[in-house]
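Could you have a look at this structure, given as structure tokens, before my questions?
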Amino acid sequence: MSTGQRPISPHLQVYKPEFTSGLSIFHRITGVGLAAGTLLLVCWLFTVAGDGGAYGAMQAFWGSIVGRLLLLGWSFALFYHLCNGIRYLFWSAGKGFELATAQKSAMAVIVVSLALTLAAWIWGYASMGKL
Amino acid sequence: MSLRTDLGRVRGLGSAKEGAAHWWAQRLTAVALIPLLLWFVSSMICLVGADQAVARAWIAIPWVAVLLIVMCGAVFHHTQLGLQVVLEDYIHTEWLKITSIMLVKFAAIVLFAASAFAILKIAFAG
């Protein structure tokens, strides 16, 4: 079977960027970011399992401005990937493909993931007694 | 030489030659991660600012340790499936693509083993 001369699918740059395609690309970006974040999960587990010095240093780092900004980015990436992932699960079930529905669910994903991030941080500061 | 027709060979398998196995595993782990990650993130928020003894005591609770290991398994499986697709899409040099996919899969297994080890170490040390 010859496959050499077949036409291939046009790549992204020939399509006009749309709101919904932006979400799709952001899903991928947050996925890669979260993959890097799994290293943090492993580090955290090892510092908790370790003998104390590393845990204190890790806590101090996450309390710093840079640490907090990283956590803010990761928490939003996680909630976004989670919400948009649920949207994709509906698509996998064959539901919600109509353009109007897809645009509404896209907006819902952004609003809900921002709200969840905000709620998580308010809860976090409240549990530390800093609110 | 196979006597099967081209159509017969590819039917149900698609261009990736593995059918829907990758697609299905991605979604299976996604569904599992919805409750697991909501639970994990809430727990992490409760542990904000906690000292090491408190974090250890939480992980050492038997059902917590088991769920954490399950979560790590789902996280690393889902992650390597997703990164594989990204690498397949953007790397067009065949040997580099295959090598990087291998490295991602090896790394996922090592990181899962490392996290399971840390969790069990805490759980068994009490």
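The values are calculated or read from the model by the stated rules, or taken from the named source; none is laboratory data. Bear in mind that the values here come from a model prediction, so they are computed numbers and not experimental data. Note that we place each Cβ from the backbone using ideal geometry, even for glycine, and neighbour counts take in every protein chain shown. When the accessible area is computed, the model is the full protein with side chains, heavy atoms only, and any ligands, DNA or RNA have been set aside. Shrake-Rupley method; radii C 1.70, N 1.55, O 1.52, S 1.80 Å.
Go through the residues of the range A:71-85 one by one and say whether even a single one is closer than 21 Å to B:F76 by Cβ and among the polar types (S, T, N, Q).
yes
Run down A:F97, A:F90, A:F76 and say which single residue is buried (at least 18 other Cβ atoms within 10 Å of the Cβ), of a type in the set (F, W, Y) and under 23 Å from A:I25 (Cβ atoms).
Just a single option satisfies the conditions, and that option is A:F76.
Where residues in the range B:33-45 are at the interface with chain A (Cβ under 9 Å from one of its Cβ atoms) and without any contact (Cβ under 8 Å) to a residue 12 or more places away in the chain, which of them is farthest from the chain's Cα centre (by Cα)?
Here the answer is B:I45.
Could you list all residues from the range B:68-126 that are away from chain A (no Cβ under 12 Å) and of a type in the set (A, V, I, L, M)?
B:V70, B:I91, B:L96, B:I98, B:I101, B:M102, B:L103, B:I109
List the number of the failed condition for B:Q80; all other conditions in (1) touching a Leu at 6+ places or on another chain (Cβ under 9 Å); (2) without any contact (Cβ under 8 Å) to a residue 60 or more places away in the chain; (3) open to solvent by less than 70 Å² (accessible area, probe 1.4 Å) hold.
It fails just one condition, (1).
In addition: Those residues that are among the aliphatic types (A, V, I, L, M), part of a helix (DSSP H, G or I) and either without any contact (Cβ under 8 Å) to a residue 60 or more places away in the chain or open to solvent by 90 Å² or more (accessible area, probe 1.4 Å) (or both), I need them from the range A:8-33; list them, please.
Across the range A:8-33, the qualifying residues are A:L12, A:V14, A:I25, A:I29, A:V32.
Moving on. Looking at this structure, is A:L82 under 14 Å from the mean Cα position of the chain (by Cα), within 13 Å of chain B (Cβ to nearest Cβ) and either more than 20 Å from B:V86 (Cα to Cα) or in contact (Cβ under 8 Å) with a residue 60 or more places away in the chain (or both)?
no
Conditions (1) touching a Phe, Trp or Tyr at 6+ places or on another chain (Cβ under 7 Å); (2) in contact (Cβ under 8 Å) with a residue 24 or more places away in the chain, marked per residue:
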residue: B:L47; (1), (2): yes, no
residue: B:V54; (1), (2): no, no
residue: B:V70; (1), (2): no, yes
residue: B:E88; (1), (2): no, no
residue: B:I91; (1), (2): no, no
residue: B:V104; (1), (2): no, yes
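Let me ask you something else. Just to check your reading of the model, which residue among A:A60, A:A108 is within 26 Å of B:M44 (Cα to Cα) and within 19 Å of the chain's Cα centre (by Cα)?
A:A108
State which residue is farthest from the other protein chains (Cβ to nearest Cβ) when the search covers only the range A:86-131 and only residues that are touching a residue at least 24 places away in the same chain (Cβ under 8 Å) and farther than 13 Å from A:F19 by Cβ.
A:L114
Just checking, which of B:V86, B:V70, B:V66 is under 18 Å from A:C43 (Cα atoms), part of a helix (DSSP H, G or I) and out of contact with any strand residue (DSSP E or B) (no Cβ under 7 Å at 6 or more places or on another chain)?
B:V70
Could you check the range B:7-54 and list, in sequence order, the residues that are exposed (fewer than 12 other Cβ atoms within 10 Å of the Cβ), farther than 21 Å from A:I86 by Cβ and modelled with pLDDT of 90 or more?
Matches in the range B:7-54: B:A53 only.
Given the structure, is A:V112 of a type outside the set (S, T, N, Q), surrounded by 13 or more Cβ atoms within 10 Å (Cβ to Cβ) and out of contact with any Asp or Glu (no Cβ under 9 Å at 6 or more places or on another chain)?
In short, yes.
Which of the residues that make up the range A:34-46 are within 9 Å of chain B (Cβ to nearest Cβ) and open to solvent by 60 Å² or more (accessible area, probe 1.4 Å)?
Residues satisfying the conditions are A:L39, A:F46.
Inside the range B:96-126, can you point out the residues that are in a helix (DSSP H, G or I), over 17 Å from B:V85 (Cβ atoms) and open to solvent by 50 Å² or more (accessible area, probe 1.4 Å)?
Scanning the range B:96-126 gives B:F106, B:I109, B:V110, B:F112, B:A113, B:F117, B:L120, B:K121, B:F124, B:A125.
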